[in-house]
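The structure appears below as structure tokens.
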Amino acid sequence: MGFYEAQVLPRVIDVMCGNAEMEKVRRPVVEGLSGTVLEIGFGSGPNIGLYPAAVTDVLAVDPALVGRALAEKRLAAHPDSPPITYVGLDGAHLDLPDASVDHALSTWTLCTIPDVVGALHQVRRVLRPGGSLHFVEHGISDDPRVVRHQHWFEPVQKRLAGGCHITRDIPDLLQGAGFRLEELARFQLAGPKVMSAMWSGVAVPV
């Protein structure tokens, strides 16, 4: 991992994804979480302060070590936050027992994981019976004109944003990895259309 990916990009993502406008999108996604929550793509901890009171602890997975320092500032501002334990750098290789977490959380993460299918299989493996994956993600548009631009721009996006894909079909990936979409919403954020087609929802293992 080069200097840009290790030192600069985590700070850029913290500003872009950790602001007040994005917090409005995150809040409904964390509703219903409880017990032990596995958060893939924990980053700088922008969900700190949003977890429901029923969440007892958070197991964090993220490759960006700089994010941990940024997260410490949020933790200091939210002393009532559930404890955070870092359990890995790669969502596709979780060193956790089977059926060991109550729920999982992913906020703008599935676009970037290189082995996203492997990561989803790992999440499915560690979820306890009755558990669910809560998510908000961007991905491929439902407008063919935008899709053409997305395919053109994606190589640039991957270079600038640490491997971020903008053409992944998140519901298709979830279903292909053995999840059922219990809740699903499709919406558009303000901003460039190539990056602002969104899904949010809850997926459960089948």
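Please go through the stretch 179-198 and pick out each residue that is assigned to a strand (DSSP E or B) and open to solvent by less than 20 Å² (accessible area, probe 1.4 Å).
First, pick out the residues of the stretch 179-198 that are assigned to a strand (DSSP E or B): 179-188, 197-198.
Correct list: 179, 197, 198.
Take the residues in the stretch 109-154 that are out of contact with any helix residue (DSSP H, G or I) (no Cβ under 8 Å at 6 or more places or on another chain) and of a type in the set (Phe, Trp, Tyr); name whichever of them is most open to solvent (accessible area, probe 1.4 Å). The qualifying residue most open to solvent (accessible area, probe 1.4 Å) is 152.
Within the stretch 69-108, restricting attention to residues that are open to solvent by 70 Å² or more (accessible area, probe 1.4 Å) and of a type in the set (D, E, K, R), the residue that is nearest to residue 134 (Cα to Cα) is 98. How many residues does the stretch 17-40 contain that are closer than 14 Å to residue 70 by Cα and either of a type in the set (D, E, K, R) or surrounded by 14 or more Cβ atoms within 10 Å (Cβ to Cβ) (or both)? So the answer is 2. Residues that are touching a Cys at 6+ places or on another chain (Cβ under 8 Å) and either surrounded by fewer than 17 Cβ atoms within 10 Å (Cβ to Cβ) or of a type outside the set (A, V, I, L, M) (or both) were ranked within the stretch 155-178; the one that is nearest to residue 135 (Cα to Cα) is 168. Evaluated against (1) in contact (Cβ under 8 Å) with a residue 60 or more places away in the chain; (2) open to solvent by less than 40 Å² (accessible area, probe 1.4 Å), residue 60 falls short on exactly one condition, (1).
Remark: pairs (first residue in the stretch 141-155, among the polar types (S, T, N, Q); second residue assigned to a helix (DSSP H, G or I) and crowded, with 16+ Cβ neighbours inside 10 Å; Cβ separation under 8 Å; 6+ apart in sequence or on different chains) = 141/147; 141/150.
Pairs are defined by a Cβ separation below 9 Å, a sequence spacing of at least 6 or placement on different chains, a first member in the stretch 1-29 that is over 12 Å from residue 136 (Cβ atoms), and a second member that is of a type in the set (S, T, N, Q) and outside any helix (DSSP H, G or I); the pairs so defined are 10/44; 11/44; 13/44; 14/44; 18/44. When the stretch 5-45 is filtered for residues that are part of a loop (DSSP other than H, G, I, E, B) and polar (S, T, N, Q), the ones remaining, listed by number, are 19, 34, 44.
The values are calculated or read from the model by the stated rules, or taken from the named source; none is laboratory data. Here the structure is a predicted model, which means the values were calculated and not measured. Counting neighbours? That spans all protein chains shown, and the Cβs are built from the backbone with ideal geometry, glycine included. Surface accessibility is based on the protein's heavy atoms, side chains included, excluding ligands, DNA and RNA. Shrake-Rupley method; radii C 1.70, N 1.55, O 1.52, S 1.80 Å.
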